[in-house]
Structures are given as C-alpha cells and as structure tokens.
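The values are calculated or read from the model by the stated rules, or taken from the named source; none is laboratory data. All values derive from a computational prediction rather than experimental measurement. Reconstructed Cβ throughout: ideal geometry from the backbone, glycine too, with neighbour counts over all protein chains shown. Protein only, heavy atoms only, side chains kept; ligands, DNA and RNA dropped before computing areas. Shrake-Rupley method; radii C 1.70, N 1.55, O 1.52, S 1.80 Å.
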Amino acid sequence: LATCDTGPDGELAGTADILVVSNEFLHREFPDAVAHGAAREALFARYLQACPGLVVFTSGSGQILFGRKSSGQNTVEPFRVEVVDSAGAGDSFRGGLSWAILQEMSDRDAVRFASAVAALVCTTTPGCLHPPTLEQVEELVRSPA
C-alpha cells in the first residue's frame with residue numbers, strides 16, 4: 001500500500017508500505033513541525049513508529065526526510081532546477097518513488113529518483129502533461145550536486 005498525507009495515528013499509516021507526507025499537509029495539520037528542527041524530527045519519529053514501511057516527508061525545495069523504523073531518519077537534498085510550474089510535482093514524486101521501490105532501489109536511491117522526477121516536472125508547463133523520460137531522470141540523478 002502506498003499512500004500520502006495521513007496522520008501518524010490513522011489506519012493508513014499503520015499499514016502503508018510507502019507513506020509520503022507533503023509539506024502542504026504538514027502546514028495544515030502540524031504547523032509546529034513545518035520548520036526543520038525538534039518538532040519536525042519528533043513528528044517524523046511518530047510516523048516511523050506507526051508505519052511498517054518507508055516514510056518520506058517532502059518539503060518543496062527543502063530537504064527531504066525519509067526512513068524506516070529499522071533504519072531511522074535520513075535526508076536527501078532535492079535537485080535544484082529552474083521552476084516553471086510546480087503543478088503535479090507531488091504526484092510525480094509519489095509515482096517516481098513507487099516505481100523506484102518496485103525496481104528494488106535502495107531507499108536513498110528511490111527518494112533521489114523520485115526527487116529527480118518531481119524536479120523535472122517543474123521545468124515545463126504544465127509539467128504534469130509533459131512527464132520526463134526515464135533517460136532524463138537518470139541523467140539528472142547522475143549529475144553532480
């Protein structure tokens with residue numbers, strides 16, 4: 001089960017193989033945990049305890065938190081691109097993450113892949129109608145940070 005934007009105490013969080021929590025959801029439901037810091041890390045720890053699978057907190061152009069109960073919290077920096085339109089970036093991230101996990105990528109590589117998909121979607125308008133090719137995503141993933 002892959003899902004998004006649910007609280008840590010809900011049934012979906014307790015059964016998800018992949019759980020992505022968007023910055024928009026955090027702003028709305030957990031405003032104290034939006035800024036990177038102790039409140040965000042404490043909330044992430046709650047999600048890790050609740051979810052049997054991979055948990056990811058996205059943050060637009062900010063640092064991505066990810067982890068599992070067994071591995072704890074990790075971070076990935078998003079790819080920096082010239083944003084033309086961010087419509088569809090979140091959905092593209094979740095789709096890219098699901099695809100990467102099905103390809104048996106490591107969690108770090110899967111999150112980086114998903115971040116690259118979302119970043120490339122933001123470079124066109126409307127990006128959700130012009131998805132990047134696998135080759136474009138792989139090229140961005142290989143590019144120096």
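V83 meets the conditions (1) free of Cβ contacts under 8 Å to residues at least 12 places away in the same chain; (2) on the phi < 0 side of the Ramachandran plot; (3) open to solvent by 80 Å² or more (accessible area, probe 1.4 Å) in every case but one. The failed one is (1).
For Q49, the conditions (1) touching a strand residue (DSSP E or B) at 6+ places or on another chain (Cβ under 7 Å); (2) open to solvent by 10 Å² or more (accessible area, probe 1.4 Å); (3) part of a helix (DSSP H, G or I) all hold with the exception of (1). So which residues in the range 102-145 are closer than 17 Å to F66 by Cα and open to solvent by less than 40 Å² (accessible area, probe 1.4 Å)? Of everything in the range 102-145, those that are closer than 17 Å to F66 by Cα and open to solvent by less than 40 Å² (accessible area, probe 1.4 Å) turn out to be D107, A110, V111, F113, A114, S115, A116, V117, A118. Flag: V34 matches the condition of being free of Cβ contacts under 8 Å to residues at least 24 places away in the same chain, aliphatic (A, V, I, L, M) and either closer than 30 Å to T125 by Cβ or surrounded by fewer than 17 Cβ atoms within 10 Å (Cβ to Cβ) (or both). Once the range 13-58 is narrowed to residues that are out of contact with any helix residue (DSSP H, G or I) (no Cβ under 6 Å at 6 or more places or on another chain) and of a type in the set (D, E), the residue that is farthest from D107 (Cα to Cα) is E29. Of R40, R94, all but one fail to be under 21 Å from P131 (Cα atoms), touching a strand residue (DSSP E or B) at 6+ places or on another chain (Cβ under 8 Å) and outside any loop (DSSP other than H, G, I, E, B); the exception is R94. Cβ separations smaller than 8 Å between residues 6+ apart or across chains give the following pairs from the range 58-77 residues that are of a type in the set (F, W, Y) to residues that are open to solvent by less than 30 Å² (accessible area, probe 1.4 Å): F66/L54; F66/V55; F66/V56; F66/F57; F66/V76; F66/V111. When the criteria are applied in full, D91 meets the requirement of being acidic (D, E), closer than 28 Å to P126 by Cα and modelled with pLDDT under 95.
Here A145 meets each of (1) over 19 Å from V21 (Cβ atoms); (2) of a type in the set (A, V, I, L, M, F, W, C); (3) modelled with pLDDT of 95 or more with one exception, condition (3). For the range 88-105, indicate whether the set of residues that are more than 13 Å from the chain's Cα centre (by Cα), over 20 Å from D5 (Cβ atoms) and polar (S, T, N, Q) is non-empty. Within the range 88-105 (the criterion being more than 13 Å from the chain's Cα centre (by Cα), over 20 Å from D5 (Cβ atoms) and polar (S, T, N, Q)), the answer is yes, since at least one residue qualifies.
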